[in-house]
Amino acid sequence: MENLRITNGFNRLSDADLEARANQIIADLGINFSTAPGLPALTSARDAYTTALGQAQEGSTYEKAVKNQMKNELVNQLHLMGSYVVYMSAGNRLLALSSGFSFAKAPSTSPEIGKPENQKLEEGLNAGELKFSFKKVEGAKSYVYQSTPDPLTGDSTWNSEMGTVRR
């Protein structure tokens with residue numbers, strides 16, 4: 001089951017864009033979610049917002065406040081309906097997309113991380129130093145370096161160090 005997440009951004013839409021987006025979602029909900037219990041409340045909130053939007057264009061401060069309140073109510077109803085769609089879709093992305101809401105892209109799987117290649121062990125600048133390098137491993141965010149004193153025996157103790165560089 002896929003974990004669906006709505007990407008709405010309704011609060012950031014302009015008045016006209018919010019109205020158009022709400023109209024599109026309500027129309028699309030009629031395809032597979034026509035019996036949704038919140039659909040009448042969403043439609044009512046959209047109608048009230050459309051009315052308030054038309055009245056607020058004439059300019060009264062009170063009418064603009066009413067429009068803003070109706071906008072908040074419409075956004076709230078859209079969020080509620082979005083949650084309902086996610087719940088009823090039960091991870092079915094195709095069904096959820098038919099609602100008109102926008103969803104985040106499904107996460108892609110990361111490729112398997114391979115072994116380091118082109119490993120080189122060279123003498124360092126100072127006595128007793130070694131320089132180890134290898135080709136960058138795609139997808140790796142860090143590396144574990146392990147070393148043990150020479151000679152290698154069954155009782156050798158390995159020291160581990162973490163690093164993000166390939167040298």
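The values are calculated or read from the model by the stated rules, or taken from the named source; none is laboratory data. Keep in mind the model is a prediction, meaning the values are calculated, not measured. Cβ: placed from backbone, ideal geometry, glycine included. Neighbour counts: every protein chain shown. Accessible surface areas use protein heavy atoms only, side chains included; no ligands, DNA or RNA. Shrake-Rupley method; radii C 1.70, N 1.55, O 1.52, S 1.80 Å.
Across the range 75-165, C-alpha contacts under 8 Å between residues 6 or more apart give a mean separation that, scaled by the residue count, equals a relative contact order of 17 percent. The angle between the Cα long axis of helix 61-89 and the main principal axis of the chain comes to about 60°, on a 0 to 90 degree scale.
For Asp155, the solvent-accessible surface computed with a 1.4 Å probe is close to 140 Å², ligands and nucleic acids excluded.
Within the shell defined by Cβ-Cβ distances under 14 Å, the residues around Ala48 carry a net charge of -2, with Lys and Arg each +1 and Asp and Glu each -1. Working from Cα positions, state the angle (0 to 90°, nearest 10) between the long axis of helix 39-56 and the longest principal axis of the chain. Helix 39-56 and the main axis of the chain meet at about 70 degrees.
Which value in deg cm²/dmol, rounded to the nearest 500, describes the helix-derived mean residue ellipticity at 222 nm for the chain, given -39,500 (n - 2.57) per DSSP H run of n ≥ 4 and division by the residue count?
My calculation for the chain gives -14000 deg cm²/dmol from helical runs alone.
Note on Ser89: accessible area approximately 10 square angstrom, rounded to 10, probe 1.4 Å, nucleic acids and ligands left out. Per-residue 3J(HN,Hα) values for the range 25-30, derived from phi via the Karplus relation 6.51 cos²θ - 1.76 cosθ + 1.60 with θ = phi - 60°, read 5, 4, 5, 6, 4, x Hz in sequence order (x marks Gly and Pro). What the Cβ-Cβ distance of Asp28 and Phe132 gives, at R0 = 41 Å and to the nearest 0.05, is a FRET efficiency of 0.10. The count of lysine pairs in the chain that are at least 8 places apart or cross chains, and whose C-alpha atoms lie under 27 Å apart, stands at 10.
Determine the dipole magnitude for the chain: charges of +1 sit on the beta-carbon of Lys and Arg, -1 on that of Asp and Glu, nothing else is charged, the reference point is the Cα centre, and the result goes in debye to the nearest 20. Numbers along the way, then the final one.
Details: 17 positive and 18 negative charges, 38 e Å.
With Lys and Arg at +1 and Asp and Glu at -1, about 180 debye.
Counting heavy atoms of the protein chains alone, Met81 has an accessible area of about 10 Å² for a 1.4 Å probe. Once you have a ≥ b ≥ c as the square roots of the Cα gyration tensor eigenvalues for the range 61-157, tell me rounded if a/c is under 1.5, and otherwise prolate or oblate according to whether a/b is larger than b/c. Cα axes put the range 61-157 in the prolate bin. Rounded to 0.05, the FRET efficiency of the Gln69 and Leu95 pair, given R0 = 35 Å and the Cβ-Cβ distance, is 0.60.
Which sequence of Leu80, Leu125, Leu18, Leu94 reflects their accessible areas, 1.4 Å probe, from the largest down?
Details: Leu80 100, Leu125 175, Leu18 0, Leu94 140 Å².
The most accessible residue leads, giving Leu125, Leu94, Leu80, Leu18.
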